[in-house]
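The values are calculated or read from the model by the stated rules, or taken from the named source; none is laboratory data. Remember, it's a predicted structure, so these values are computed and weren't measured experimentally. Note that each Cβ is placed from the backbone with ideal geometry, even for glycine, and that neighbours are counted across all protein chains shown. Protein only, heavy atoms only, side chains kept; ligands, DNA and RNA dropped before computing areas. Shrake-Rupley method; radii C 1.70, N 1.55, O 1.52, S 1.80 Å.
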Amino acid sequence: MASFVINGGRRLSGSLVAQGSKNSALPILAATYLVSGKSVIHNCPRLSDVESTIKILENLGCKIERRGTDLVIDSSSAFGFEIPEDLMREMRSSVIFLGAILAKTGRAVISTPGGCEIGLRPIDLHLFAMRKLGVTIREEHGRLECSVNKRLKGTKITLTFPSVGATENAILASSVSEGTTTIINAAREPEIIDLCNFLNKCGAKIHGGGESIIVIEGVKKLTATEHSVICDRIAAATYLFAGALTGGDISVKNTVPAHLGGILPILEETGCEVSVRCNEIRLKAPLKLNRIDKLITQPYPGFPTDAQAPIMTLATVARGTSVIVENIFESRFKHVPELLRMGARIRTEGRVAVVDGVERLYGASVVSPDLRGGSALVLAGLTAIGVTEVSGIKHIDRGYEEFEKNLCMLNADIVRTKKSYGNTKEK
Ligand code: EPZ
């Protein structure tokens, strides 16, 4: 089983270009099924979640061609409406296809994606939005059979929580429908804006993407176009965290600094010097980080839940005690036991983690529990004394493109190995 072996203690410096956003590419790729013709998606990251999405597109009848970081998707003869269980389970966010399939074919058969490492991940808000648009849904033994009588009908959809995925599904379904849809309490993440920009370039009439109220005037048809995916704000933040942890000096290019609005002030609170110039963010770290007084994860533009695990690693070696509250997912502290193995001092109670900074972390064999928890462990290995082996890195490959190569470019000592050195068991 593959793992990363990291020799800690090196100061990271240099610059790199941020990858394309996983959480923008996935819904946009789902949207390429809905639009007619050949879409060209630039800056599409090479990730296992993107590969899983490509499998679903091919299963629905799309023809796909990969040209470096460009993906060409021809959906002209794609009219499938069913996603097999194994593909749904491979990537839970495949539920994002529901709205696109219903808008194109008037029916959909998918299975409930099931929970994952960070929580139950229900889809009640997705189904609520579809039903409001006129979809009949029959749920039986984890299978969902959805159908629309004639066309989806525009309506008002009020979300009790600004769910990113439910907002994306509502936008996709209502973009090709009869009448106008208003989404109230919509998610405001940059990935929503990117999806709306892509759909509007295809002929959709979506107003207010990125705001809490989005109005979509349904159209009859969408036509394929070219689009470049925005940068991955969480991947960009992760490399900045690597610099912060090693007293380093890191520049990340091709970013949208405003998309890290909830993150940069926290980095400054730890004593890092952060400067922004056009699409580049530069971080210069102190030799010793200050604690984070209180960090609460929130929907955008608050501090993003996806950056909670990696920034906790900074808190483990900061001066003083930090408090971290995970408000979005109910079990997103699975990286804590692994950090404890490396000498961190963390107490958790429900959604609250109290982190007492220690002098140093120590290398150990640890297991990546999920995508962002895995990145937190790699960061810990970069600052730890000695050798750290992180196994279970298939989780990390879901969201970080060429992670170890980029870190090596910044002077880290990290290699990907096929065999497991320690006695860790791949989960
Ligand atoms: C998206 O997941 C991202 N994934 C997640 O990134 C991210 O953590 C999350 O948004 C929040 O920003 C993709 O975009 C592919 P939600 P999503 O619906 O859409 C509850 C990563 O590491 N909820 O905003 O699934 C849910 O349980 C991944 O890149 C319901 O209760 O997130 C959670 O507690 C992890 N019912 C909260 O809302 C629903 O129908 C936020 O979920 C839907 C969600």
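Starting from the Kirkwood Rh over alpha-carbon pairs, what translational D in µm² s⁻¹ does segment 283-397 have by Stokes-Einstein at 25 °C and 0.890 mPa s? After rounding, the answer is 176 µm²/s. Karplus-derived 3J(HN,Hα) values for segment 102-116, using 6.51 cos²θ - 1.76 cosθ + 1.60 with θ = phi - 60°, are 5, 5, 8, 10, x, 8, 7, 10, 9, 10, 4, x, x, x, 8 Hz; glycine and proline are entered as x.
Kirkwood-type hydrodynamic radius, segment 213-314: 15.0 Å, calculated from all non-identical alpha-carbon pairs. Only protein heavy atoms count here; on that basis, with a 1.4 Å probe, residue 97 has an accessible area of about 0 Å².
Debye-formula intensities of segment 153-198, expressed as log10 I(q)/I(0) at q = 0.16, 0.20 Å⁻¹, are -0.38, -0.59 (one equal scatterer per alpha-carbon, no solvent). Sorted largest first by accessible area at a 1.4 angstrom probe radius, with every protein chain in place, the residues 253, 294 fall in the order 294, 253.
For segment 173-280, applying the loop criterion from DSSP together with a ceiling of 13 other beta carbons within 10 Å to the GluC sites (Glu not before Pro) yields 211.
A dipole drawn for the chain from +1 and -1 charges on Cβ atoms has a positive end, and of 302, 137, 287 the residue lying farthest that way is 137. What relative contact order, as a whole-number percentage, does the chain give when Cα pairs under 8 Å and 6 or more residues apart are counted? With pairs under 8 Å counted, the relative contact order is 21 percent. Of the peptides 14-26, 67-79, the ranking by mean beta-carbon count within 10 Å, highest at the top, reads 14-26, 67-79. Normalised by 2.2 N^0.38 Å, where N counts its residues, the alpha-carbon radius of gyration of the chain equals 0.98.
If you take all other residues with their beta carbon under 13 Å from the beta carbon of residue 189, and give Lys and Arg +1 and Asp and Glu -1, the sum is -3.
When restricted to Cα atoms, segment 184-243 yields an Rg and a Dmax of 14.4, 49 Å, respectively. What the phi angles of segment 282-296 give under the Karplus curve with 6.51, -1.76 and 1.60, with θ = phi - 60°, is a coupling list of 10, 10, 10, 9, x, 5, 10, 7, 7, 5, 9, 3, 8, 10, 10 Hz, glycine and proline written as x. Per residue, the accessible area of the chain comes to 38 Å² when a 1.4 Å probe rolls over the protein heavy atoms. Near residue 150: Cβ cut-off under 15 Å, other residues only, Lys/Arg at +1 and Asp/Glu at -1. The net charge is +4. Each Cα pair under 8 Å and six or more residues apart adds its separation to the average, and for segment 354-394 the resulting relative contact order is 49 percent. Karplus-derived 3J(HN,Hα) values for segment 238-252, using 6.51 cos²θ - 1.76 cosθ + 1.60 with θ = phi - 60°, are 4, 5, 5, 4, 5, x, 4, 6, 10, x, x, 9, 10, 10, 10 Hz; glycine and proline are entered as x.
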